[in-house]
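Engineer: This is the structure I want to talk about, given as structure tokens.
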Amino acid sequence: MAHRVAGVALVLGLVWKYAIARRSLHRRGVRGSGVWIGLATAGLTIIAAGLGLAWTAGLVSFDRPFAYSALNLHVIAGLALGALIVAHVLARGESRPALLTLAGRRAAIRGLALLAASFVVTIALDRVALGRRGSGSRHAGSFTGNAFPVTIWSLDSVPNIDLESWRLRVSGSPNARPVELSYADLATLPRREASVVLDCTGGWWSEQRWSGVSLIDVLARCGMGEAATRVEVISVTGHRWTFERSETEQALLATHVGGEPLSAGHGFPLRLVAPSLRGFLWIKWVAEVVAA
């Protein structure tokens, strides 16, 4: 909510800023690096704010009008904008009025009016943002097996894994040798199923019925679960993440989704399903688990 209100306030504030910038350009012309940095900043502001508002209003999404998620483009533009603002301030190098001189009654009234207008516009936009979670992600179809979108957060390519030679390596206990489990070995563990929402940072969410084995059961099977306070999950590709023990209590090492074996793009033969955590932490193509 705070992010959306701030974004709307930025857009509304551009009207006031435009008048200031126009007078400055009329007085200075386009000479000096500060002017060109300012123009680039203005362009990125329009892109970042425009994509954000278009996303909220449902005009763009993770699969339209670009092949790459418009929400990711919004984030990239916002990060670049922050760097340009710093460069713009350094390039101008002008003395500015003291902060106390800007905090007068008129400025306070303008600020409160801008904040109130931002709340009103945000609430109006939220009324048309159907199917969106608090994270901003849009619904991408639920309970569809492998038919939901394929997104690879770390830009890894989909590996070609030979199931016969693949092994899950479990290590970490100082008094025990690492254990390697085959796909068939995992099938001997208690089967777990759960309906869990995958909320991807690419801007979409999907609820699916996942099945596999409990991460805690795997650690217990290898004699490494009781004392572990952190668990690191590592992909065949090298993508890894370390979780607190409390974050792994409900985690699954899934082999199936919607009754179907995982497709290669969704992490075959094994992927982490971590309820309540964002999708980029759901490690695909799991090859190793390290307890610590």
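Engineer: Which residues make up the longest stretch of the chain that has no GluC sites (Glu not before Pro) in a DSSP loop with at most 12 other Cβ atoms within 10 Å? Display every interim value, and only then the final one.
Structural biologist: Numbers: sites that count: E94, E164, E226, E249.
With a cap of 12 other Cβ atoms within 10 Å, the longest stretch comes to 1-93.
Engineer: So what's the back-of-envelope 222 nm ellipticity for the chain, counting only DSSP H runs of four-plus at -39500 (n - 2.57) apiece and dividing by all residues, rounded to 500?
Structural biologist: Values: 8 runs with 117 residues, N = 292.
Theoretical 222 nm ellipticity from helices: -13000 deg cm²/dmol.
Engineer: Here's a follow-up. Counting Lys +1, Arg +1, Asp -1, Glu -1, what net charge surrounds R245 among other residues with beta carbon under 11 Å of its beta carbon?
Structural biologist: Local net charge: -3.
Engineer: Here's a follow-up. In the stretch 150-230, how does Rg compare with the Kirkwood Rh, expressed as the Rg/Rh ratio over alpha carbon atoms?
Structural biologist: 1.02
Engineer: A further question follows. Rank these by accessible area, largest first, 1.4 Å probe: V60, V121.
Structural biologist: Largest accessible area first, the residues go V121, V60.
Engineer: Here is a follow-up. Could you order Y183, Y18, Y68 by accessible surface area, starting with the largest, using a probe radius of 1.4 Å?
Structural biologist: Most to least solvent-accessible, the answer reads Y18, Y68, Y183.
Engineer: A further question follows. Accessible area per residue for the chain in Å², computed with a 1.4 Å probe and the full protein assembly in place, what is it?
Structural biologist: With all protein chains present, the chain gives 56 Å² per residue.
Engineer: Please report the spacing between the Cα centers of the stretch 200-216 and the stretch 140-196 in Å, no decimals.
Structural biologist: Centre-to-centre (Cα) distance: 12 Å.
Engineer: In whole percent, how big is the carbon plus sulfur part of the accessible area of the stretch 203-292, probe 1.4 Å, protein atoms only?
Structural biologist: That share works out to 51 percent.
Engineer: Counting only other residues whose beta carbon sits under 15 Å from that of V15, what net charge do I get with K and R as +1, D and E as -1?
Structural biologist: +4
Engineer: Once the chain is represented by equal point scatterers at the alpha-carbon sites, with solvent omitted, what log10 I(q)/I(0) does the Debye formula produce at q = 0.11, 0.12 Å⁻¹?
Structural biologist: Debye output, listed in q order: -0.79, -0.86.
Engineer: Around I283, under 9 Å between beta carbons, what's the net of Lys plus Arg minus Asp minus Glu among the other residues?
Structural biologist: +3
Engineer: For S276, S211, give the ranking by accessible area with the largest first, probe 1.4 Å.
Structural biologist: Ranked list, largest accessible area first: S276, S211.
Engineer: While we're here: Suppose R0 equals 51 Å; then what is the FRET efficiency for I152 and V89 from their Cβ-Cβ distance, rounded to the nearest 0.05?
Structural biologist: Values: r = 37 Å, r/R0 = 0.72.
Efficiency at R0 = 51 Å is approximately 0.90.
Engineer: Over the chain, what relative contact order in percent results from Cα pairs under 8 Å that are six or more residues apart?
Structural biologist: 17 percent
The values are calculated or read from the model by the stated rules, or taken from the named source; none is laboratory data. Model, not experiment: these values are computed from the prediction. Reconstructed Cβ throughout: ideal geometry from the backbone, glycine too, with neighbour counts over all protein chains shown. These area figures cover heavy atoms from the full protein model, side chains too; ligands, DNA and RNA do not enter into them. Shrake-Rupley method; radii C 1.70, N 1.55, O 1.52, S 1.80 Å.
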